[in-house]
Structure formats: C-alpha cells, structure tokens
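Here's the structure we're looking at; comments come further down.
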Amino acid sequence: MKKEELQGRSLFGISLTDRPKWQQFLICSSGFFFGYLVNGICEEYVYNRLQFSYGWYFTFVQGFVYLGLIYLQGFSSKHMVNPWKTYIKLSAVLMGSHGLTKGSLAFLNYPAQLMFKSTKVLPVMVMGAFIPGLRRKYPLHEYISAIFLVVGLIFFTLADAQTSPNFSFIGVVMVVGALVMDAFLGNLQEAIFTVNPETTQMEMLFCSTVVGLPMLIPPMILTGELFKAWKSCSEHLYVYAVLVFEAMATFVGQISVLSLIAIFGAATTAMVTTARKAVTLLLSYLIFTKPMTEQHGTGLLLIAMGIVLKLLPEYKNNSYISLKPKQPLEEDELKEKEEKAALV
C-alpha cells in the first residue's frame with residue numbers, strides 16, 4: 001500500500017505519478033532549488049543589509065502569503081483527508097523551527113549557524129526510528145554517506161569564511177532547538193504521507209499554516225518583537241514587498257520539499273536540502289570566477305562521495321524490495337490502523 005502514495009501525486013499541475021523516479025526527483029529538486037535560492041537572497045538582504053532580525057514576525061507575515069497562494073491553487077478545508085488534530089504537533093514544530101532558525105541569526109554569525117544546520121540530515125535519520133507510523137531504520141552505509149555529506153559541506157562553505165565561527169550561548173540553544181524540530185518535522189510529515197497516501201502537499205502546508213499561525217503570537221508578544229517589527233517595517237514599507245516575494249518563492253520550495261518527502265522520504269530530502277547549500281555556493285564560484293582552494297576541493301570530494309554512496313545501493317535495495325512477498329491484506333490493514341492511532 002505504501003507505493004500507492006504516488007496515486008494522483010502532482011506538483012503545480014505537473015503529474016509525477018507515471019514518471020520514472022529520476023524525473024520525479026529532478027522536477028521536485030528543481031522546484032526546491034529555485035524557491036530556496038530566492039529565499040536565501042531575500043534573507044541575506046533583510047537580515048544583513050537592513051539588520052532586521054524579526055524571525056517570528058516574518059514567519060507570521062509569510063504564513064498569510066502561503067494561505068493566499070493555497071487559496072489561489074483551489075484548495076480549501078473541504079478537501080482535507082486527515083483530521084485537524086493530526087497537524088497540531090506538526091504545526092507547533094514547523095512554526096518553532098522557522099522562528100528559531102530565523103531568530104538565531106541575531107546571535108550567531110553565518111559560519112557558526114552553518115556548521116549546525118549542515119548536520120540536519122543526521123538527526124533526521126536518527127529520529128526516523130522513533131516516529132509512529134514510520135519506524136524507519138537505515139543501514140550503516142547511509143549514515144556514513146550522510147557524514148561525508150555534512151563534513152564536506154562544512155569544509156567547502158567555511159573555506160572562504162571571512163570570520164571564524166562565533167558561538168553565542170543563546171544562539172546555540174536556538175539553532176540546536178531548530179535542528180531537533182527539523183528532524184522531527186520531516187519524519188512526521190513522511191509518516192502522515194505514508195499512513196494516509198491520499199494526503200496532498202497542499203493539505204499539509206495549509207493545515208500546518210492555519211494551526212501554526214496562532215502559535216506565533218505568544219512569542220512575538222512576550223519578546224516584544226511584534227511591536228518592534230511593526231514599527232521598523234512601517235518605516236520601511238518595501239520590506240513587506242521583499243517578504244511577499246520571498247514567501248512566494250519559498251511556497252514553491254515548500255511544496256517541492258513536501259513532494260520529495262512523500263515520494264523519497266525524509267532522509268533523502270534532508271540530503272537534498274543539505275547538498276543545496278554546496279550547489280548554490282559552487283554556482284557562485286563558477287559564475288563569479290572566484291579562486292578555489294584545496295579546502296574547497298576536499299569539501300566537494302567528500303560531498304560527491306556521500307552522494308554516490310547514498311545512490312549506488314538504491315538499485316540493489318529497490319530490486320530486493322520488489323521481490324519481497326507482500327503481507328496478507330488483513331495484517332496490512334491492522335498495522336495501518338495501529339499506526340494511524342499512534343500518529344494522531
């Protein structure tokens with residue numbers, strides 16, 4: 001039943017159902033790369049040039065942009081196939097992750113935050129063993145692959161850092177909290193897609209946003225960020241245009257990421273999102289003809305080794321899985337009911 005999750009799966013009108021795996025991966029990854037490349041440029045402008053660090057408020061504003069875009073896509077609550085309570089934990093984790101990630105930029109410099117966020121794939125893999133409805137276990141070579149990818153990315157991106165990592169206790173606590181939430185988030189999303197294959201990416205994002213937006217209000221008020229951000233943005237109204245543009249691009253990236261999770265799983269998606277940082281930086285070197293050092297080469301080599309180690313065994317594993325006998329229907333249905341009960 002798990003593979004039936006591809007039934008009716010599409011991305012902005014592009015059908016993914018009958019396409020080979022590599023095309024599905026290419027389409028979803030392209031949407032993700034586009035969305036988060038624009039997101040990175042906008043964040044760099046708002047946080048570094050304008051010195052605005054209102055993570056909770058910016059997430060709050062962008063949530064309303066998401067809802068508007070989802071409405072234009074024709075989705076509403078009547079199209080839901082999961083109960084609202086399924087998304088309470090998911091929304092809390094999602095909003096917390098966004099807020100902590102953006103907010104940590106006020107306490108950590110870029111190299112320090114990067115070192116932490118680059119390790120995301122490892123906690124995602126570990127957390128997968130504890131999520132009801134998933135209980136995923138990975139072979140040793142996949143952990144080694146993830147370690148190569150993480151270390152390679154850190155080597156590459158810190159090779160030309162103008163400053164050394166600067167660690168602030170508050171910033172470290174925030175970014176570690178965001179890492180744990182990211183690990184839980186991806187696996188919980190995969191579990192929902194697995195337990196109920198009729199779940200769409202639009203439903204996932206819609207429900208997460210609707211339930212999560214009210215959760216952002218208390219931290220904004222308690223930290224005083226709501227009033228500071230309102231005043232600062234009122235004095236620079238064009239910031240809202242940047243936020244809307246960023247949210248529109250990130251919306252494409254979010255739906256693409258959810259498609260990757262639904263089809264390929266949380267760990268593979270985490271590897272894609274991690275590799276995206278290296279690809280973005282590599283493109284900047286190729287476009288602007290920056291000099292590359294031995295440390296850049298070492299980082300790229302480790303990243304390539306990690307990706308190859310991850311991809312090569314898939315063909316063997318897929319063949320093995322396809323030859324396994326299916327469980328009796330009654331056992332499948334019983335397991336599905338148990339996992340659904342645990343998930344919600």
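What follows is calculated from the coordinates using simple rules that are stated; it is not laboratory data. Quick caveat: nothing in here was measured; it's all calculated off a predicted structure. When we count neighbours, we look across all protein chains shown, and the Cβ atoms used for this are built from the backbone with ideal geometry, even at glycine.
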Requested in this report: Filter the cross-link list Lys89/Lys137; Lys21/Lys120; Lys21/Lys78 down to pairs whose alpha-carbon distance in this structure exceeds 28 Å.
Outcome: Lys21/Lys78
Report task. Calculate, in nm to one decimal, what Glu198 and Phe12 gain on full extension: separation in residues at 0.36 nm each, minus their alpha carbon distance. Result -> 65.3 nm
Query raised in the report: By its C-alpha gyration tensor, with a ≥ b ≥ c as the square roots of the eigenvalues, how is the range 189-259 shaped: rounded for a/c under 1.5, else prolate for a/b larger than b/c, else oblate?
Result: oblate
Query raised in the report: Each residue of the range 244-253 in order: what ³J(HN,Hα) in whole Hz does its phi give by Karplus 6.51 cos²θ - 1.76 cosθ + 1.60, θ = phi - 60°, with x for Gly and Pro?
Result: 5, 4, 4, 5, 5, 5, 5, 4, 4, x
Query raised in the report: Which peptide among 263-273, 71-81 comes first, and what is the full order, when sorted by highest mean count of other Cβ atoms within 10 Å?
Result: 263-273, 71-81
